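> Have a look at this one before I ask anything.
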Amino acid sequence: MKFIYENLLAAFISKDGGIWFTLKNLFIRPGEMIVEILKGKRRSYFSPFPMLFFTLTVLILLFSITGSREDIKSIEQEIIKAEKDGKTELVVNGSSTEKGRSEFFKLIGHTITFYNNHYTAVTMLTIPVFLFVTRAWYGKTNRKRYYRAEYLIAIAYSMVMVVLYRCLISLMYMFSGNASDSMSNFVPLVIVAAQTACFRKMLGFSIAKTAWRSLLALVLYYIILGIFLLSILILVFLIVYGPIMKQKNGV
């Protein structure tokens, strides 16, 4: 155990590849740090994916400690209430079509909650999507200039910055739920800012050009993710509720 603690402490405070040293450079000079790593100075910094796994682990612990995980039942109740407020007369009539819509909106609520509560898993599983959209929008010249693995280094470090922001959101939840919700609204902007900071020097773009390309990449990422999730939702809805609705309409 002493050996483990000593190595963990060394990983944090070491000036040569330590977590703290890497985090400090990531927030003070992210672009320069990425360029140095790509030029071969990797031993000076903590590896990107172990760093990402570490921050995601911290986020999971904070989720468990602060209780900032969203309650599926509460979100479901809000969706049902919104449905009733918008279609009161139709819901009272009790048609199977409107009930089906209500069930579909419940599934959407479950999906949104799953994304928020399992952000760590979604982040890791969608790294290939992030790789695709960044290479798509950062230009053909840069696709030839850098390998996919080199793009992944910048993506991983930018995700570290975003995960740390979400850790801050979880901590804020302990003091104010409203403040935490307000901070959550800025997550897309933080993603764009992190991508811009990590890729600007690497690509040789201006801040404005990198931010614009990063925004387009993020929009494409959400479109791909949305299409994928919507396809799963429709498939699940048809499998689970399709036979029930047919049976009721037949009766």
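The values are calculated or read from the model by the stated rules, or taken from the named source; none is laboratory data. What you see is a predicted model, and the numbers here were worked out from it, not measured in a lab. Ideal geometry is used to build each Cβ from the backbone, glycine not excepted, and the neighbour counts take in all protein chains shown.
> Could you check segment 3-83 for helices (runs of 4 or more DSSP H) lying wholly inside it with 3 or more residues that are at pLDDT 85 or above and touching a Cys at 6+ places or on another chain (Cβ under 9 Å)?
Answer list for segment 3-83: 30-38, 48-66.
> Output the residues belonging to segment 151-195 that are surrounded by 22 or more Cβ atoms within 10 Å (Cβ to Cβ), closer than 23 Å to Thr66 by Cα and small (Gly, Ala, Ser).
Ser170
> Would segment 134-157 turn up any residue that is part of a helix (DSSP H, G or I) and within 13 Å of the chain's Cα centre (by Cα)? Walk me through it before giving the result.
Of segment 134-157, the ones part of a helix (DSSP H, G or I) are 134-137, 140-145, 148-157.
Filter once more, keeping what is within 13 Å of the chain's Cα centre (by Cα): 155-156.
Yes, segment 134-157 contains at least one residue that is part of a helix (DSSP H, G or I) and within 13 Å of the chain's Cα centre (by Cα).
> Pick from segment 191-232 the residues that are hydroxyl-bearing (Ser, Thr, Tyr) and more than 19 Å from the chain's Cα centre (by Cα): which of them is modelled with the lowest pLDDT?
Taking segment 191-232 and keeping what is hydroxyl-bearing (Ser, Thr, Tyr), we get 196, 206, 210, 214, 221-222, 231.
Next, from what is left, pick out any that are more than 19 Å from the chain's Cα centre (by Cα): 206, 210, 231.
Numbers: Ser206: 91, Thr210: 93, Ser231: 84.
Ranking the candidates gives Ser231 first.
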